[in-house]
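Beneath this line is the structure, given in structure tokens, with notes to follow.
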Amino acid sequence: MAYRGKFKPRNPKKYVGDPTKITYRSGLELKFMNYLDKHSDVISWGSETVVIPYRSPIDKKFHRYFMDFIIQFKKPDGVVETMLVEVKPKSQTRPPKKPSRVTRRFLNEVRTWGVNEAKWMATHEYVQKRGWKFMIMTEQEINGLP
């Protein structure tokens, strides 16, 4: 499966933004885009259209976090809900385990975890202010989609 490419929606009217410029950056994102495009309860969706400011624990500066997806969908009770979704491999959704010997790879994983955690904390604040939801989806959830 391709890890990066252009996504061509079957339902371009559901996409918020320019449907000719949708880029997926992983096989998981591609699979999730196909789900959003086809699912009848999804009213609209966008990719990397929501930008959330966050402070990096590494350099203490503010950066911009481009959320993977914003989705508006109709729940079974008819209520419309807005959700931000980040797609990540499950291994990147928890802190790295300290090995017996500290390696450069481990230090990079710790930095990545710290930045991701800062992004997700900023996202929780962002969605709370708007009455939205936030979810991190991994291969576990995405591979279980119809």
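Filtering Tyr24, Tyr15 for residues that are touching a helix residue (DSSP H, G or I) at 6+ places or on another chain (Cβ under 9 Å) and touching a residue at least 24 places away in the same chain (Cβ under 8 Å) leaves a single hit, Tyr15. Scanning segment 1-59 for residues that are in contact with a Gly (Cβ under 8 Å, 6 or more places away or on another chain), within 14 Å of Met137 (Cβ to Cβ) and either at pLDDT below 95 or in a helix (DSSP H, G or I) (or both) yields a single hit, Leu30.
Return yes or no: is Ser56 in contact (Cβ under 8 Å) with a residue 60 or more places away in the chain and either at positive phi or of a type in the set (Gly, Ala, Ser) (or both)? Spelling it out, Ser56 is indeed in contact (Cβ under 8 Å) with a residue 60 or more places away in the chain and either at positive phi or of a type in the set (Gly, Ala, Ser) (or both). Number of residues in segment 61-80 that are under 20 Å from His124 (Cβ atoms) and assigned to a loop (DSSP other than H, G, I, E, B): the value is 2.
With respect to the conditions (1) open to solvent by 70 Å² or more (accessible area, probe 1.4 Å); (2) over 23 Å from Gly17 (Cβ atoms), Lys133 lacks only one, and its number is (2).
Right, Val102: in contact with a Pro (Cβ under 7 Å, 6 or more places away or on another chain) and open to solvent by less than 80 Å² (accessible area, probe 1.4 Å) or not? It is false that Val102 is in contact with a Pro (Cβ under 7 Å, 6 or more places away or on another chain) and open to solvent by less than 80 Å² (accessible area, probe 1.4 Å). Checking the stated criteria, Gln140 turns out to be touching a residue at least 12 places away in the same chain (Cβ under 8 Å), loosely packed, with under 13 Cβ neighbours inside 10 Å and part of a helix (DSSP H, G or I). Pairs linking a residue in segment 110-126 that is without any contact (Cβ under 8 Å) to a residue 24 or more places away in the chain to a residue that is open to solvent by less than 20 Å² (accessible area, probe 1.4 Å) and outside any helix (DSSP H, G or I), with Cβ atoms under 9 Å and 6 or more positions apart or on different chains, are Glu125/Ile52.
Here Lys97 does not qualify as open to solvent by 60 Å² or more (accessible area, probe 1.4 Å), modelled with pLDDT of 95 or more and of a type in the set (D, E, K, R).
The values are calculated or read from the model by the stated rules, or taken from the named source; none is laboratory data. Values in this document were obtained by computation on a predicted structure and should not be read as measured data. Cβ coordinates were reconstructed from backbone atoms using ideal geometry, including for glycine residues, and neighbour counts include every protein chain displayed. Heads up: the accessible areas ignore ligands, DNA and RNA and are worked out on the full protein's heavy atoms, side chains in. Shrake-Rupley method; radii C 1.70, N 1.55, O 1.52, S 1.80 Å.
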